[in-house]
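What follows draws every value from the coordinates through simple rules; no lab data is involved. This structure is a prediction, so every number in the text was calculated from the model and none was measured. Virtual Cβ from ideal backbone geometry, glycine too; neighbours counted across all protein chains shown.
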Amino acid sequence: MKPKKEQKMNALEIKYNKLNIKLIIAIVLLAVVSTPVVLNLFWQPYDPNFMNYEEILEAPSAAHIFGTDNYGRDIYARIADGALLTFGIAFITVSIGAVIGTIIGAVTGYFGGRVDELFMRINDCLASFPSVLLALVVVSVLDLGTLNVCIALGIVFIPSFARVMRAEFLAGRERDHVLNARLMGASVPRILFFHIFPGTLPVFIPTVMLGFNNAILAEAGLGFLGLGVQPPDPSLGRMLSESKTYLISAPWYAFFSCLFMVIAIFAVTMLAENIGVQGINYRSVRKRISRVILENIRKIVPDPGKILEVRDLRVGYIEKEGIEEVIKGISFSLDKGEILGIVGESGSGKSLSSYSIMGLIPDKACMTGGGVYLSGKPLNMSSSKANCRIRGGRIAMIFQEPQTCLNPVLTVGQQITEIIDLHDPDNSLRRAEREKKKKERVIRAMEDAGLKDCEMLLTKYPHELSGGMRQRVMIAMALVSRAEVIIADEPTTALDAKVADAVLEVFADINRRFGTSIILISHDLKVIEKVCDRVLIMQDGLITEELTVGRSEGFSTPSSEYGKALLEAAFSERRYNEGEVQGNLLCELKDVSVSYPRQAGTIFKRGKLREVVHNVDLRVFEGETLGIAGDSGCGKSTLVKAIAGLLKHVTGEITLNTQTPAMVFQDPHASLCPTMTVRQILEETIKLSGALKRTDRPDIDVKEEMIRKILEDTDLSDELLSRRVSQLSGGQKQRISIASALLLNRKLIILDEPVSAIDVTLREQLLDLLSGLKKKHGLTYILISHDEALLERFCTRVVRMSDGRFL
């Protein structure tokens, strides 16, 4: 049971912030404008076209709540009738534009090439003209009338929808679950509208809503010019046109028409912005909680001898039901010149704890207790301005993926120099001398980070550097500020083994030379062992164990079962390739080269290609496990995609003496369709495999039997069948990917880094599963990995690639 104080805090802070007020306002406003329209279908207080010359231009009154127009017609009745017509035109317009535009965008975005290029040039030409002007041209061709207005506006709206949807389908076609659908043999329409289109809904729905607004304005513009709905039928645009003469003598005539239109557009815009958004005021909740915990922080007496100290740190995510605590009271300290490792599996809280130390807690999270102290001074009691001086200055952080952390529009030199400008500017010198000293300091930091040719690298942009060089730039940014503490969050996960070792050596060198204290966060105990003095093991938001690390003797003996399992899995030497025998030739590559577009082509000219795999020869035999090793960018993933038939620009000869191979991708989350349940994913695979055509039994019986058997083979529970991908753990996702590959009944399966994104304790389980399935079903594997120790343990033979060639 939670403590009373925490229960009270949850109830008080979350109680009044559950509803999205903006969404409620939008719904209320829509109800205000739609109520007269709906009532008008069943009851009309006045005939909107009835003229009463005795009541011309009467002001609003009890008899006519919006007044009358220049023919004595009731304005309320005409607005209610005209709004129905205007909204109907807008709905038809958006439907035409959305349906046709989505189809055009889907086809051009998915296929690309010259058709796409031609469409984009036509679209650019149309976009250079105002939509109302284009509508005027179309109306003049089709003649006046309500139906023609709908057609004209619908045609005008097609390019804008097509452009938006093209971008979505262009990005969607490269996603792993789409590539997987192609491998399974899914048709193009199925891929477009079952695999890609559902993922575009967060963009498609707001685009439709905003398009509805634009259609209302376009109809109003045409009506104002007299080219829209023709008399005597009312529309909001027609009423604005008729009222312009009486803006002074009868302002209510135009006012209520404009007000109705403004409210409708404002409501739809607010709905588009807030649909699906929670209404919790996270900033308000964090402020209130901070007042509660500050009193407790003041009572804590930190140890001033520690460079960094964390005391009873608690962090939670703010949900509608209350605060869900994910960091549950961790405490540790860091000595001057110490390298501390924090290790744990995904979801253990190790990264969130480091973000909390830096004050980089996500918007939907908050500190619910505890404190962080730098040299005895509390960090979470400092002002935002004071924290900014500390963050990046005295404490620096190196993130897992430097590509996303470095600014793509600034050079390396500009980004490192910015750290000096923010935290250690020397304004006593003249500008020229100050710039010279800053440059010298930046180059020195880059050299200390292990970079070479620093003068040349200063002018480079992040995308022009390799992954290892980008990570060293991040280290240089930490060094140039003379940080006392560096927090490195998974700094080697995205790097190859050789590059990772070099980066770890840089950390060790920084620690030796400058006495910098370092917190190294990783899920890989082998990384921790190489440089750390102590290691903290985290599980479910708690520090479960602390181990010492000796340079020669390794880790001290863990006392908990989890710690023992973690060490056993990390340093496992079990071999899976004993007794495997090669059979017949399944796949042969002769002089195969693969290229990627280097420069986009035009309608009349082909784009330039860059060859990334060069003249490769390879044989794969039945029953073996072929390992392909190599650094990132060497071409190994590109090669297997060419074998699977997923790439266009392939030369040479690829001979398959079996069906097209199935594939298990590196990222199990990305390789499964996010909008489908597990049952739907497996049923689709069964359907595409052709298994239903090979039997006379009812489809539903065949599906149920095959699903039951594959769940048994992959050690999965049938309780998962109703879940979506986001509700599965990493290990469960990868097992579903393996199950899907098996259901295709393919003898050759490509495994692209199948365990690199899986927690260390699950890796051996998945390797054991893959080994057992291979023996049971007579499978052949092609395994890609940058972990050569894994390849040696699992594969029958290993080939190595470098720069697109086999060594």
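The DSSP beta bridges internal to the chain are antiparallel in roughly 55% of cases. When a/c reaches 1.5 or more, the comparison of a/b and b/c decides; with that in mind, is the range 395-570 rounded, prolate or oblate per its Cα gyration tensor? The shape class here is prolate. Taking other C-beta atoms within 10 angstrom as a stand-in for reagent exposure, SER632, SER717 fall in the order SER717, SER632, fewest first.
So, with +1 on the Cβ of K and R and -1 on the Cβ of D and E, and no other charges, what is the size of the charge dipole of the chain about its Cα centre, to the nearest 20 debye?
Working: 95 positive and 94 negative charges, 288 e Å.
Its charge dipole is roughly 1380 debye.
Between GLY145, LEU240, ILE75, the Cα set farthest toward the positive side of the dipole of the chain (charges on each charged residue's Cβ, about the Cα centre) is that of LEU240.
Most simply put, the range 585-806 has about 50% antiparallel DSSP beta bridges, counting only bridges with both residues inside it.
The distance from the alpha carbon centre of the range 673-715 to that of the range 127-173 is 43 Å, rounded to a whole number. Not counting the cut sites, what is the longest span of the chain without chymotrypsin sites (Phe, Trp or Tyr not before Pro) that DSSP labels loop and that have at most 14 other Cβ atoms within 10 Å? My reading of the result: 51-570 is the longest stretch. Note on LEU201 and ASN584: the extension gain reaches 133.1 nm, defined as 0.36 nm multiplied by sequence separation minus the Cα-Cα distance. This structure gives Rg/Rh (Cα atoms, Kirkwood Rh), computed directly, and of (i) 1.15; (ii) 1.17; (iii) 1.03 that value is listed as (iii). Projecting the Cα atoms of LEU410, VAL178, ILE443 onto the dipole axis of the chain, where Lys and Arg carry +1 and Asp and Glu carry -1 at the beta carbon, places ILE443 farthest toward the positive end.
Could you give the angle, 0 to 90 degrees to the nearest 10, between helix 146-172's Cα long axis and the longest principal axis of the Cα atoms of the chain? It is inclined by approximately 0 degrees. Using the Cβ-Cβ distance between LEU133 and SER34 with R0 = 45 Å, the FRET efficiency computed as 1/(1 + (r/R0)^6) comes to roughly 0.90. Placing +1 on the Cβ of every Lys and Arg and -1 on the Cβ of every Asp and Glu, with no other charges, gives the range 395-570 a dipole of roughly 880 debye about its Cα centre.
Using 31 Å as the Cα-Cα cut-off, could you pick out the over-long pairs in LYS693/LYS733; LYS328/LYS526; LYS306/LYS350; LYS306/LYS437; LYS526/LYS776? Walk me through the intermediate numbers first.
On the way: LYS693/LYS733 28 Å; LYS328/LYS526 27 Å; LYS306/LYS350 20 Å; LYS306/LYS437 33 Å; LYS526/LYS776 33 Å.
Violating the 31 Å Cα-Cα cut-off are LYS306/LYS437; LYS526/LYS776.
Each Lys and Arg adds +1 at its Cβ and each Asp and Glu adds -1 at its Cβ; summed about the Cα centre, the range 585-806 shows a dipole of about 820 debye. In the range 612-687, the C-alpha radius of gyration followed by the widest Cα-Cα span (Dmax) gives 15.1, 42 angstrom. Only helical runs count toward this figure. For the chain, summing -39,500 (n - 2.57) over DSSP H runs of n ≥ 4 and dividing by all residues gives -15500 deg cm²/dmol at 222 nm. The alpha carbons of the range 174-213 stretch over 41, 17, 11 Å along the principal axes, in descending order.
Can you check what the net charge comes to around ALA254, using other residues whose Cβ is under 14 Å from the Cβ of ALA254 (Lys, Arg +1; Asp, Glu -1)? Present the calculation step by step, with values, prior to reporting the outcome.
On the way: positive: ARG78, ARG238, LYS244; negative: ASP69, GLU242.
Neighbourhood net charge equals +1.
Considering only ALA365, LEU340, ILE628, and ranking their Cα positions along the charge dipole of the chain that arises from unit charges at the beta-carbon of Lys, Arg, Asp and Glu, the one farthest toward the positive end is LEU340.
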